[in-house]
Structure formats: C-alpha cells, structure tokens
1. Consider the stretch 7-21. How many of its residues are of a type in the set (D, E, K, R) and surrounded by 14 or more Cβ atoms within 10 Å (Cβ to Cβ)?
2. Of all residues in the stretch 30-64, how many are hydroxyl-bearing (Ser, Thr, Tyr), in contact with a Ser or Thr (Cβ under 9 Å, 6 or more places away or on another chain) and part of a helix (DSSP H, G or I)?
3. Restricting attention to the stretch 1-46, which residues are more than 22 Å from Ser71 (Cα to Cα) and β-branched (Val, Ile, Thr)?
Amino acid sequence: MKDNKKEVLTPSHKLWPKFRKKLDDAITTYVDGKLHSRCQGDLALTIKILESMKNIDVLETVFFLREHGGSCDCKVILNVARIWNNR
C-alpha cells in the first residue's frame, strides 16, 4: 500500500526551490522595463501553487508560512526562508 501522507512545505523541503521559483514567476512582472509585483496582499497565488503540488498539505503549509512572516505572496518570498534560517 502506498503512503499518501501529505507534507508541510518548508524551506528545507526538497520541493521548496521549485515552489519558490513558481511563486516568484507568478508575482513578478515588468512594466515599461521596470519590475513590479502582482502581489495582492494575500496568499492566493501561493495557495494556487501549493494546490498544484502533490503530497503537500496546503492548510498546514499556509499556517507554517504565516507563522514565519509569509502573510502574503511577496512576503513568502521575502521573509519565510530568512526567518526559517535564523531560527
């Protein structure tokens, strides 16, 4: 029988770099050659990406992200790994 246990995605998880790249690509855009963020002040893009990843516990991961400074999509990128690494 296959183990279908879902995991919390943290910066030490093997899928973190893939998640981080997808999120960065989703919120970053250029307008007239200038970098802009598509962050809307929520975790909508983060949740959408997490839902597309197999065996990731979305609810527990969102809780983890919020506890580590990820209150919105851009703060997941800016804060979570830094806070996690400095614990």
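1. Narrowing the stretch 7-21 to residues of a type in the set (D, E, K, R): 7, 14, 18, 20-21.
Now drop any that are not surrounded by 14 or more Cβ atoms within 10 Å (Cβ to Cβ), which leaves 7, 20.
Final tally of qualifying residues: 2.
2. Total meeting the criteria: 2.
3. Passing the criteria: only Val31.
Residue by residue, here is whether (1) in contact (Cβ under 8 Å) with a residue 40 or more places away in the chain; (2) farther than 18 Å from Asn85 by Cβ; (3) surrounded by 14 or more Cβ atoms within 10 Å (Cβ to Cβ) holds:
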residue: Leu23; (1), (2), (3): yes, no, yes
residue: Arg38; (1), (2), (3): no, yes, no
residue: Leu43; (1), (2), (3): no, yes, yes
residue: Lys48; (1), (2), (3): no, yes, yes
residue: Asn55; (1), (2), (3): yes, yes, no
residue: Arg66; (1), (2), (3): no, no, yes
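Every number in this text was worked out from the coordinates using simple rules, so none of it is lab data. If you're wondering where the values come from, they're calculated on a predicted model, not measured in any experiment. Quick reminder, even Gly has a Cβ in these numbers, built from the backbone with ideal geometry, and neighbours come from all protein chains shown.
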